[in-house]
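For reference, the structure is listed below as structure tokens.
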Ligand code: NAP
Ligand code: G4F
């Protein structure tokens, strides 16, 4: 019998890489999909025809109970969230509902369906749960690098909601003996990254500028520093965390720090352009409270999981620029075809 996995956030960057990885490991993969006609469902089906879908929303408790009851998953990966940090100042209540309360709702669905109760603590049995915690919880960092025991000081409503999700996962582990894991993942990127995040915003702009579709790139704080890795590497770590003997917390990152300025320089260099000729600082893109630096100390996770990243940041940026050069030139060819067609 193959193992069954339920993934929330299947239409996102990590959901797609994780689904691919689990299918390759022989899993039957189910993706929770929300909305009446989610347009990204089509994209996932085209990329991964083996993925099964079940309707549900992290805002809706009964839909999560139905999904868990129907699938009876061995492993639940809760990746669904509003993941763009600036949105959490614009819609703090919604972000808290999805990213914070959504975790509680998923834990409750697992507890109800698998019959866990306080009086009958059963250790490490039943469904295993992965929560997508975030380095954004460290915020105004108490020490560098950050590890599992570093104090949290979130700087955005997003970070605060993620901290709630993190603690409630720990609490269900301690209260009900649920096999719950929090992966405290540092920034991870890929050609599938949303265009609102800074690395993809840069790679897309570099491709468009190189191919003559754009003439400048507007960015916010160039001095912010992140520990960026490749999403394909990080989903392997998620899976490994659920294969351990017991639940726990794991910090995952590369331990390498780069600034936004470095990211722009690497990407423009790759197409033989000078970043300073194109990047414009736009104060409107600077955040009300910034996370200035992040850097992971993932020694404990590497030792426990036997995990290592395979792609460094300069290669990752170059991979993303190459992919966007292909995307932009395909779009251009399509536009030219449309223009040249006489209907
Ligand atoms: P992403 O690309 O933005 O994907 C987010 C996913 O969440 C989408 O599939 C979206 O589905 C889904 N979602 C949004 N609202 C939902 C709701 N109400 N109910 C159910 N699903 C909902 O994010 P990602 O980069 O893959 O990140 C995955 C998870 O890891 C997120 O929880 C994120 O906060 C966390 N994380 C990410 C990073 C990183 O660097 N990427 C680092 C640390 C933690 P729709 O198609 O329906 O919108
Ligand atoms: O790419 P970002 O938007 O990612 P951010 O805020 O670090 O959040 C990502 O990583 C978190 C893990 O630490 C996840 F939990 C979260 O879901 C998400 O995946 O911004 C990175 C940095 C920030 O300091 C920001 O101020 O880039 C700076 N930045 C400068 N100019 C910009 C821009 N960010 C964006 N998105 N757009 C800009 O123009």
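No value in this document is a laboratory result; all are computed from the given coordinates. Everything numeric in this text was worked out from a predicted model, so none of it was measured. FYI the Cβ positions are ideal-geometry reconstructions off the backbone, even for glycines, and counts take in every protein chain you see.
Remarks
- Taking the average, over residues, of other Cβ atoms within 10 Å as the packing measure, peptides 230-236, 283-289 rank 230-236, 283-289 from highest down.
- 14, 272, 69, 74 arranged by Cβ crowding within 10 Å, fewest neighbours leading: 272, 69, 74, 14
- Computed from Cα positions, the angle between helix 231-241 and the longest principal axis of the chain comes to roughly 10 degrees.
- Potential lengthening of the chain between residue 276 and residue 84 amounts to 66.5 nm, from the contour at 0.36 nm per residue minus the alpha-carbon distance.
- Value in Å of the Kirkwood radius, where segment 82-173 supplies the Cα pairs that are averaged: 14.3
- Cα long-axis angle, helix 260-270 against the chain (0 to 90 degrees, to the nearest 10): 60
- Cα point-scatterer Debye curve for segment 102-257, base-10 log of I(q)/I(0) at q = 0.15 Å⁻¹: -0.87
- Relative contact order for segment 123-213, counting Cα pairs under 8 Å that sit 6 or more residues apart, in percent: 34
- Cα centroid separation - segment 230-270 against segment 133-147, whole Å: 14
- For the chain, Kirkwood radius (reciprocal of mean inverse C-alpha pair distance, Å): 21.0
- Of 70, 162, the sequence from fewest to most neighbouring Cβ atoms within 10 angstrom is 70, 162.
- Rounded if a/c under 1.5, otherwise prolate or oblate - segment 2-145, Cα gyration tensor axes: rounded
- Mean separation of Cα contacts under 8 Å, 6 or more apart, over the residue count of segment 182-243: relative contact order %: 47
- For segment 184-320, the relative contact order works out to 38 percent when only alpha carbon pairs closer than 8 Å and six or more residues apart are counted.
- Tilt relative to the chain, helix 61-71 - C-alpha long axis, 0 to 90 degrees, to 10: 80
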